[in-house]
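Trainee: One structure is given below, represented as structure tokens, and several questions about it will come after.
The values are calculated or read from the model by the stated rules, or taken from the named source; none is laboratory data. The shown structure was predicted, so the numbers you read here are calculated from the model rather than taken from an experiment. Quick reminder, even Gly has a Cβ in these numbers, built from the backbone with ideal geometry, and neighbours come from all protein chains shown.
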Amino acid sequence: MALDLTLSHHLSSETKNRTPNPMKEIWRLAQSTPGIINMANGDPHHSLYPISEIAFRVPSISQDDPVNAWRKGESITQTLTSYKDEPSAVSLRSALQYGSGAGLPEVRAALEQLMTVMHPSPSENHFVTLSLGNADAVTKCFRLLGEPGDAFLAEEFSFPGMTNAPLAHKVRWVPVKLDKAGMIPEDMERILREWDENKRGRRPHVLYTIPCGQNPTGSTLPSERRRKIYEIACRWDLIIVEDDPYYFLQYDKPPIRTEDVEKDGFAKTWARNLAPSFLSLDTEGRVMRIDSFSKIIAPGMRLGWITSNPLFASHLENLIDSSTQHPHGLGQAFIAEMLAGKDSWQIDGFARWVKSLCDEYQQRRDFLARLFEAELGNSGYANVEIPEAGMFLWIRINIEKHPRYRKDQAGKSNSRALTEELFNHVREAGVMMMPGYVFAIVDAEENGSGPNAIDERSNYFRTTFVGIEETMEKGMAIFGSAVREFFAS
Ligand SMILES: Cc1ncc(COP(=O)(O)O)c(C=O)c1O
């Protein structure tokens, strides 16, 4: 692959100092030399694997609304089989062997095809590297780019599983303000414009964003904002780490027309309804897009993929070669069979399944939103925005209406203390929801104090609608009465 070095100044010293794993270099040479007798590596011979085939029983995609049929146990099913000694999308001989850090070529090719359909990008210079899910991918990207002392931008409420990781490498976070439509481009631009490198060190060169169904706030960036943010990233030379596990779960989209599906296929037609990813806007190779099978197949698959420019892809592979080696072979065998196997789902079938899953989650979102309305809608104690994507409702507690709400002379309130009190009250009543302050990105300079501190805006609870109706009914009833009791206290 041709490496464009113009973005190499974004790489961390750790990345630049990392040398390729010399054994992997020789392994690769052996793989690419036909007829070579390979006595170099301790690769167990496939005749000694105690597995000859793996059959995955899956729902058939031939039925309308496959998720509904599957959930009710009424689904027609089909079997996708990977074999060791017979033809399959990926032979178990390779899937169960040590493999390439970037993933098995068959799986990468299938994912590249999926990406071309879902995210037609202005640059063809994007490569797919497999990961062990988005958590693995995002944290590897942070290591690729993050230098001790660097400041990265993120939405002011973000997913701590990810934002915690680079703190150990002494990367600081700088929060960008959010509203109902997600990150505010003007605030991002303001931070970059006002940044004084003499006082604050290197200007942020990485933006970490969750563009669809943002975790925790549920917001989805409209196309216009995405274009503005991308344009700002180009102007100020930022790399965008686009963490998008909820991309496939975008709700309230226009119906898919049969005549369009007949002409262009299901996946391509559906993709036109979805928000354009940053990757699809990426003319300069500055987007590292991160996808996962966790929310759309199963989290235990531990499989995802990073789409990036070839320079970053090659450094990612170096990092993988000297750490996790490569993702799980059985998972890769399943993905290859599902996306590219003979008579299998293929890309269009996969899109049909995921669209059906999306419809299911949309119903669950509406169900939980109705329960919320019934419990607290008219109370004035709390309100909620209906998210356009993802898995979460972000409930605002109108803490300023609490009888014990106070502000000191500097304008700082007791909002955080009251939110913590409510969290404990709700938990003791028997329901767990995530309090907003868990997700707050504290501006290192502001140090969490003052009237503009994030604590003043953390009076939220994140709750999920992925559960079954019974769980949501019980949970929301308890939450509703706990909130009413709290406001009466
Ligand atoms: C924004 C975000 N990033 C990453 C992850 C982790 O995903 P994975 O299971 O693919 O590692 C999650 C999971 O909840 C998430 O919400």
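Trainee: Would you point out which residue out of 103, 149 is within 16 Å of the ligand (Cβ to nearest atom), at positive phi and touching a strand residue (DSSP E or B) at 6+ places or on another chain (Cβ under 9 Å)?
Mentor: Sole residue among the options that is within 16 Å of the ligand (Cβ to nearest atom), at positive phi and touching a strand residue (DSSP E or B) at 6+ places or on another chain (Cβ under 9 Å): 103.
Trainee: Looking at 98, 83, which one is modelled with pLDDT of 95 or more, over 14 Å from residue 304 (Cβ atoms) and more than 16 Å from the ligand (Cβ to nearest atom)?
Mentor: Sole residue among the options that is modelled with pLDDT of 95 or more, over 14 Å from residue 304 (Cβ atoms) and more than 16 Å from the ligand (Cβ to nearest atom): 83.
Trainee: Another question about this same structure. Kindly establish whether residue 407 is surrounded by fewer than 14 Cβ atoms within 10 Å (Cβ to Cβ) and in contact (Cβ under 8 Å) with a residue 60 or more places away in the chain.
Mentor: So residue 407 does not fit the description; no.
Trainee: When you go through (1) touching a helix residue (DSSP H, G or I) at 6+ places or on another chain (Cβ under 9 Å); (2) modelled with pLDDT of 95 or more one by one for residue 442, which number turns out not to apply?
Mentor: (2)
Trainee: Let me ask something else about it. Report, by residue number, each residue of the range 7-44 that is free of Cβ contacts under 8 Å to residues at least 24 places away in the same chain and hydrophobic (A, V, I, L, M, F, W, C).
Mentor: 23, 26, 29, 30, 36, 37, 39, 40
Trainee: Let me ask something else about it. Give the residue, chosen from 291, 348, 321, that is of a type in the set (Asp, Glu) and under 17 Å from residue 133 (Cβ atoms).
Mentor: 291
Yes/no per residue for (1) touching a residue at least 24 places away in the same chain (Cβ under 8 Å); (2) in a loop (DSSP other than H, G, I, E, B):
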position: 248; (1), (2): yes, yes
position: 263; (1), (2): no, no
position: 272; (1), (2): no, no
position: 291; (1), (2): yes, no
position: 295; (1), (2): yes, yes
position: 307; (1), (2): yes, no
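Trainee: Hey, another quick one. For the range 9-40, how many residues meet the condition of being polar (S, T, N, Q), outside any helix (DSSP H, G or I) and exposed (fewer than 14 other Cβ atoms within 10 Å of the Cβ)?
Mentor: Count: 4.
Trainee: Then there's this: Which pairs turn up if I take residues in the range 149-171 that are in contact (Cβ under 8 Å) with a residue 60 or more places away in the chain and look for partners that are charged (D, E, K, R) and within 15 Å of the ligand (Cβ to nearest atom) with beta carbon separation below 8 Å, at least 6 apart in sequence or on another chain?
Mentor: 159/243; 162/243
Trainee: When you go through 125, 164 one by one, which is the residue that is over 30 Å from residue 435 (Cα atoms) and surrounded by fewer than 22 Cβ atoms within 10 Å (Cβ to Cβ)?
Mentor: Answer to the selection: 125.
Trainee: For the range 84-111, name all the residues that are closer than 11 Å to residue 49 by Cα and either among the basic types (Lys, Arg) or in a loop (DSSP other than H, G, I, E, B) (or both).
Mentor: Those that are closer than 11 Å to residue 49 by Cα and either among the basic types (Lys, Arg) or in a loop (DSSP other than H, G, I, E, B) (or both): 84, 93, 96, 97.
Trainee: Just the residues that are surrounded by 19 or more Cβ atoms within 10 Å (Cβ to Cβ), more than 15 Å from the ligand (Cβ to nearest atom) and either of a type in the set (Gly, Ala, Ser) or under 11 Å from residue 137 (Cβ atoms) (or both), please, taken from the range 292-314.
Mentor: Hits for the range 292-314 are 308, 313.
Trainee: Taking the options 208, 246, 230, name whichever one is more than 23 Å from residue 439 (Cβ to Cβ), within 19 Å of the chain's Cα centre (by Cα) and crowded, with 20+ Cβ neighbours inside 10 Å.
Mentor: Being more than 23 Å from residue 439 (Cβ to Cβ), within 19 Å of the chain's Cα centre (by Cα) and crowded, with 20+ Cβ neighbours inside 10 Å holds for just one of 208, 246, 230, which is 230.
Trainee: Yes or no: the range 405-412 includes at least one residue that is hydrophobic (A, V, I, L, M, F, W, C) and under 30 Å from the mean Cα position of the chain (by Cα).
Mentor: no
Trainee: Right, another one. How many of the residues making up the range 315-328 are modelled with pLDDT under 95 and either touching a Leu at 6+ places or on another chain (Cβ under 8 Å) or within 16 Å of the ligand (Cβ to nearest atom) (or both)?
Mentor: The qualifying residues number 5.
Trainee: Can I ask one more? Answer yes or no as to whether residue 154 is within 18 Å of residue 328 (Cα to Cα), of a type in the set (A, V, I, L, M) and within 16 Å of the ligand (Cβ to nearest atom).
Mentor: Criteria not met by residue 154.
Trainee: Considering the range 25-77 alone, what residues qualify as being in contact with a helix residue (DSSP H, G or I) (Cβ under 8 Å, 6 or more places away or on another chain), more than 26 Å from residue 339 (Cβ to Cβ) and not β-branched (Val, Ile, Thr)?
Mentor: 38, 40, 41
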